[in-house]
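Student: First, the structure itself, so that you have it in front of you.
Only the coordinates and a few stated rules stand behind these numbers; no lab work does. Small disclaimer: the values here were computed from a predicted structure and weren't measured. Ideal geometry is used to build each Cβ from the backbone, glycine not excepted, and the neighbour counts take in all protein chains shown.
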Amino acid sequence: MDAETRTQLIEAVRRFVQEKLRPLEREVAETDEIPAWVQKEMGELGLYGLSIPEEYGGLGLSMEAECLVVFELGQVSPAFRSTIGTNVGIGSQGLVMFGSDAQKERYLPQIATGEIVTSFALTEPEAGSDSASVRTTARLDAAHYVINGTKRYITNADRASLFTVMARTDPDKKGASGVSAFLVPRDLDGIAIGKPEKKMGQQGAHICDVMFENVRVPAENILGQEGQGFRVAMQVLDRGRLHISAMCVGVAERLIEESVAYAAERRQFGEPIGNFQLVQAMLADSRTEAYAARCMVLDAARRRDAGERITQEAACAKLFASEMVGRVADRAVQIFGGAGYVADHGIERFYRDVRIFRIYEGASEIQRLVIAREMLKQPR
Ligand code: COS
């Protein structure tokens with residue numbers, strides 16, 4: 001995409017977010033649903049296909065351009081981004097990176113338009129941070145794999161028509177090397193979806209259990225080779241972690257904008273609270289950290305676009321950005337004071353919404369582990 005079209009896209013997303021999504025924040029939080037017309041307009045803007053190659057009907061954005069778009073999507077309740085999040089990230093990128101031509105032709109065009117919503121089914125009741133220990137099995141039976149097991153906290157599962165499922169094909173191999181990845185259409189017999197969980201934040205973004213009972217998946221639906229599934233998942237997550245980091249930056253910038261406006265308007269002791277140096281210090285710390293995270297995200301994205309392996313940089317960005325937005329949200333509540341704690345201003349909602357950024361797509365503890373392992377592997 002040329003620079004001018006990219007600028008126009010970012011402008012269009014900015015207008016859509018500010019004019020159409022922002023006024024809906026409270027309604028979505030209360031109803032726990034994103035209206036159907038929003039999903040439709042997101043499709044018309046091309047948002048489901050940001051990262052899908054142009055030859056398959058997507059916008060084919062570079063990682064840097066995707067992050068610039070995500071900075072805009074982060075300016076509003078993060079549940080909105082979740083609507084398109086799996087199609088852009090963890091639900092499609094295994095297919096983009098490891099799919100055969102036939103698999104890509106079959107699924108990617110509809111993923112790009114949002115006709116197919118995708119989900120990434122890795123986590124299980126007993127396999128969260130230790131994702132190599134998945135217990136879901138896929139047994140080869142002639143021309144099919146038969147999948148059995150339960151996946152947990154699967155984003156968009158209730159809307160999905162295509163799952164990327166990580167399952168153990170070799171029961172004798174305990175760790176990562178026994179795991180394979182499969183494209184599993186929702187309409188196969190034996191798939192049941194649980195009720196959306198009641199969560200601390202991000203109402204409107206649904207996560208559910210997914211149960212597979214003797215689900216017969218055509219053997220050609222394997223993604224990559226047998227035993228490659230964990231590697232597929234990790235490479236999908238390297239990219240996904242950067243996308244989430246960009247979200248953290250966007251949300252932080254929104255909260256800083258709100259904090260500055262409130263500090264200018266709210267008067268105490270006869271003057272705006274923004275005149276007080278202790279309030280100024282909070283604003284300055286938030287701005288500094290958000291700027292640092294923005295720079296990290298863009299640097300890591302450019303490196304990925306240049307073909308570098310960014311496992312370490314994505315983990316650094318995810319660790320810093322997710323912790324940063326937690327501190328920014330905490331300061332925003334403090335600056336708003338009592339008004340930050342009551343629901344009307346929406347600040348407490350963001351405070352709850354951002355908590356998951358430190359947990360999903362790899363908890364902060366996992367990011368630290370990944371960073372240190374990479375450092376010890378290739379001392380710089
Ligand atoms: N890119 C490519 N390959 C990778 C990789 C990456 N980023 N990370 C790991 N691998 C490969 C390793 O090279 C190794 O291959 P070999 O056996 O051929 O050497 C294999 O995968 C296993 O890796 P490792 O030994 O590091 O696996 P561990 O079980 O120790 O797990 C962690 C590593 C903890 C980092 C991993 O399980 C993880 O990221 N957990 C968090 C999962 C997560 O983010 N869950 C969120 C749910 S999805 S929303």
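Student: Is there a quick way to get the dipole size of the chain? I mean about its Cα centre, with the Cβ of Lys and Arg at +1 and of Asp and Glu at -1; what is the value in debye to the nearest 20?
Tutor: Dipole of the chain, to the nearest 20 debye: 880 debye.
Student: Say each of Ala372 and Leu278 gets a label point 7 Å from the Cα, pointing the same way as Cα to Cβ; how far apart are those two points in nm?
Tutor: 3.7
Student: Let me ask something additional. Mind listing the phi-derived Karplus ³J(HN,Hα) values for the stretch 313-324, rounded to whole Hz, using 6.51, -1.76 and 1.60 with θ = phi - 60°, and x for any glycine or proline?
Tutor: Calculated HN-Hα couplings, in order: 5, 5, 5, 4, 5, 5, 4, 5, 5, 6, 6, 4 Hz.
Student: Obtain the nm distance between the two label points defined at Arg139 and Asp170 by a simple spin-label model: each point lies 7 Å from its Cα along the Cα-to-C-beta direction.
Tutor: Distance between the two pseudo-spin positions: 1.9 nm.
Student: Quick one: order Thr155, Thr7 by neighbouring beta-carbon count within 10 Å, fewest to most.
Tutor: Thr7, Thr155
Student: Now a separate question. Of the candidates Ser322, Ser364, Ser77, which one comes out as most mobile in a Gaussian network treatment of the chain with C-alpha springs shorter than 10 Å?
Tutor: Ranking Ser322, Ser364, Ser77 by mean-square fluctuation puts Ser364 first.
Student: For the residues Leu283, Leu122, Leu278, Leu237, what sequence is obtained by ranking on other C-beta atoms within 10 Å, fewest first?
Tutor: The order, fewest Cβ neighbours first, is Leu278, Leu283, Leu237, Leu122.
Student: Where the centroid of each part is defined by its Cα atoms, how far is the stretch 144-175 from the stretch 1-79 in Å?
Tutor: 28
Student: Give the range of the longest stretch in the chain that excludes all GluC sites (Glu not before Pro) found in loop regions by DSSP and having at most 13 other beta-carbon atoms within 10 Å.
Tutor: The segment 1-114 is the longest one with no such site.
Student: Residue by residue, what Karplus-based ³J(HN,Hα) values in Hz, rounded to whole numbers, does the stretch 282-290 have, using 6.51, -1.76 and 1.60 with θ = phi - 60° and x for Gly and Pro?
Tutor: So the J values, rounded to whole Hz, are 5, 4, 5, 5, 5, 4, 4, 5, 5.
Student: Among rounded, prolate and oblate, which fits the stretch 127-176 when a ≥ b ≥ c are the square roots of the eigenvalues of its C-alpha gyration tensor, a/c under 1.5 means rounded, and a/b larger than b/c means prolate?
Tutor: oblate
Student: Moving on. Go through Lys173/Lys318; Lys20/Lys40; Lys151/Lys199; Lys151/Lys198 and tell me which ones have a Cα-Cα distance over 20 Å in this structure.
Tutor: Cα-Cα > 20 Å for Lys173/Lys318; rest within.
Student: Helix 364-377 sits at what angle to the longest principal axis of the chain, using alpha carbons and giving 0 to 90 degrees rounded to 10?
Tutor: 70
Student: Per the helix-only calculation at 222 nm, which mean residue ellipticity applies to the chain, given -39500 (n - 2.57) for every DSSP H run of n ≥ 4 and division by its residues, nearest 500 deg cm²/dmol?
Tutor: Mean residue ellipticity at 222 nm (helix-derived): -16000 deg cm²/dmol.
Student: Would you mind ranking Cys295, Cys208 by Cβ crowding within 10 Å, fewest neighbours first?
Tutor: Cys295, Cys208
Student: Here's a follow-up. Quick one: check the C-alpha center-to-center distance for the stretch 314-345 versus the stretch 221-238, whole angstrom.
Tutor: Value for the Cα centre distance between the two parts: 34 Å.
Student: If one takes the longest principal axis of the Cα atoms in the chain, at what angle in degrees, from 0 to 90 and to the nearest 10, does the Cα axis of helix 79-88 lie?
Tutor: 40
Student: At Met1 and Ala306, where each label point lies 7 Å from the Cα along Cα→Cβ, what is the point-to-point distance in nanometres?
Tutor: About 2.3 nm separates the two model spin labels.
Student: Still on this structure: At R0 = 41 Å, how high is the FRET efficiency between Asp187 and Arg287 if r is their beta carbon distance? Nearest 0.05 is fine.
Tutor: Step by step, r from the Cβ atoms, then E = 0.25.
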